[in-house]
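Where a number appears in this text, it was derived from the coordinates with a stated rule and is not lab data. What you see is a predicted model, and the numbers here were worked out from it, not measured in a lab. Positions of Cβ are generated from backbone atoms using ideal geometry, with glycine treated the same way; all protein chains shown enter the neighbour counts.
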Amino acid sequence: MKHLTFLLLFVALFGSVSRSQDKTTSIQTSTKPFSLGITDEIQSAELTEKRILNIYLPEDYDQDTKTTYPVIYLLDGSANEDFIHIAGLVQYCTMIQTMPKSIVVGIANIDRKRDFTFPTTVQQDLKDFPTTGKSEKFMTFVEKDLQPYIQQKYRTNASKTIIGQSLGGLFATEVLLKKPELFNNYVIISPSLWWDNESLLAKAPGLLKSASAKNIKVYLSVGTEGKVMENDAASLAAVLKKSANQNFQVTFNPMPAENHLTILHNSTYKAFEVLNAKK
């Protein structure tokens with residue numbers, strides 16, 4: 001009798017648990033990764049190291065196999081830096097038709113102080129940042145390794161934009177002054193022109209005289225980020241507007257409501273509007 005009572009209790013309990021489990025599993029679910037882009041790894045002959053590229057492709061890239069796209073090259077393009085929110089801006093701005101559908105190439109950093117700076121004569125900077133001063137090699141990497149790789153692997157057109165902030169803005173400025181033909185559009189935000197006692201700013205007029213590239217658009221902005229950075233950005237804008245010939249279109253957009261942490265996102269959004277304004 002005890003055994004029979006135990007058996008009946010067991011069956012009742014098991015049935016109750018089974019029904020309870022059935023209720024919790026009645027909704028069919030599935031989980032899969034949410035993909036924002038793809039990651040390529042290339043071996044750079046110029047830098048003698050592997051570099052990671054985070055790539056955002058337009059939504060219908062795989063379906064529309066005939067269309068070619070502008071390319072936006074993003075400095076500080078690591079996943080934990082600026083790639084995600086800038087790719088999001090591009091997706092949003094193309095959705096509202098502020099700009100054409102575009103490919104974003106985020107260049108992940110290894111040593112940004114090394115890659116984005118030219119040699120300095122400031123001894124304290126040499127002491128504090130001993131790896132700096134290799135921007136010429138990084139510029140050659142962009143020209144001879146990166147751009148050819150992107151052009152060969154993806155469906156690109158002739159439009160090329162570079163986005164750089166802070167030290168990235170310093171590097172973008174150096175490219176603009178020394179090899180402007182590498183890009184059609186320059187988005188230069190809060191450039192660290194104080195580097196090497198503002199030597200690049202001092203050389204800018206002479207470098208611009210020898211520039212032969214045509215139809216280049218420059219968008220330059222700075223927030224409330226200290227008098228040195230603010231004055232340097234304004235001086236660069238003045239030099240560009242004064243020295244650049246008719247083949248340069250320069251927009252200077254001070255954004256006093258922004259600081260060094262907030263300016264990149266909001267300024268890039270404005271840059272997309274300015275650079276793609278319909279005539």
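May I ask for the distance between the Cα centers of region 36-58 and region 177-197, given as a whole number of Å?
22
For region 107-151 and region 219-261, what is the separation of their Cα centres, given in Å?
Between the Cα centre of region 107-151 and that of region 219-261, the gap is 23 Å.
What is the spread of the Cα atoms of region 36-146 along each of their three principal axes, largest first, in whole Å?
Result for region 36-146: principal-axis Cα extents of 52, 27, 20 Å.
Cut-off is 10 Å between beta-carbons; in what order do Ser190, Ser166, Ser267, Ser78 appear when sorted fewest neighbours first?
Numbers: Ser190 29, Ser166 20, Ser267 24, Ser78 17.
Ranked by crowding around the Cβ, least crowded first: Ser78, Ser166, Ser267, Ser190.
Given R₀ = 41 Å, FRET efficiency for Ser235-Gln91 by Cβ-Cβ distance, to 0.05?
Values: r = 35 Å, r/R0 = 0.85.
Given R0 = 41 Å and the Cβ-Cβ separation, E is 0.70.
Pull out the extension gain between Arg155 and His260, defined as 0.36 nm times the separation in residues minus the alpha carbon to alpha carbon distance; nm, one decimal.
Fully extending the segment from Arg155 to His260 adds 34.3 nm.
Given a Förster distance of 25 angstrom, what is the FRET efficiency for Ala79 paired with Lys227, based on the Cβ-Cβ distance and rounded to 0.05?
Numbers: r = 34 Å, r/R0 = 1.36.
E(calc), rounded to 0.05, equals 0.15.
Determine, for His265, His85, the number of other Cβ atoms within 10 Å of each Cβ, and report the residues in order from fewest to most. List each step's numbers first, then the result.
Values: His265 16, His85 11.
Listing His265, His85 from fewest to most nearby Cβ atoms yields His85, His265.
With each pseudo-label sitting 7 Å past Cα toward Cβ, what's the Thr121-Lys179 distance in nm, one decimal?
2.5
In degrees between 0 and 90, to the nearest 10, how far off the longest principal axis of the chain does helix 263-275 point, with axes built from Cα atoms?
70
Which whole-number value in Å³ per residue fits the convex hull of the alpha carbons of region 35-275?
Values: hull volume 29.7 nm³, N = 241.
It is 123 Å³ per residue.
Please determine, in degrees from 0 to 90 and to the nearest 10, the orientation of helix 195-209 with respect to the longest principal axis defined by the Cα atoms of the chain, where the helix direction is its Cα long axis.
60
With only Lys, Arg, Asp and Glu charged, each at its Cβ (+1 for the first two, -1 for the last two), find how big the charge dipole of region 129-279 is about the Cα centre; round to the nearest 20 debye. Each step should come with its number before you reach the end.
On the way: 18 positive and 12 negative charges, 140 e Å.
Around 680 debye, computed over region 129-279.
Note down the magnitude of the dipole of the chain about its Cα centre, charges +1 on Lys and Arg C-beta and -1 on Asp and Glu C-beta and zero elsewhere, to the nearest 20 debye. Please report the intermediate quantities before stating the final value.
Working: 30 positive and 28 negative charges, 110 e Å.
Using Cβ point charges on Lys, Arg, Asp and Glu, the chain gives about 520 debye.
Straight-line reach only, C-alpha to C-alpha below 23 angstrom: list the lysines that Lys101 could link to, leaving out same-chain residues fewer than 8 apart.
Lys66, Lys153, Lys160, Lys217, Lys270, Lys278, Lys279
Say the dipole of the chain comes from +1 at the beta carbon of Lys and Arg and -1 at that of Asp and Glu; which of Gly169, Asn80, Gln63 then lies farthest toward its positive end?
In the chain, that residue is Gln63.
Fewest to most neighbouring Cβ within 10 Å: what's the order for Thr156, Thr67? List each step's numbers first, then the result.
On the way: Thr156 18, Thr67 13.
Ordered from fewest to most neighbouring Cβ atoms within 10 Å, Thr156, Thr67 come out as Thr67, Thr156.
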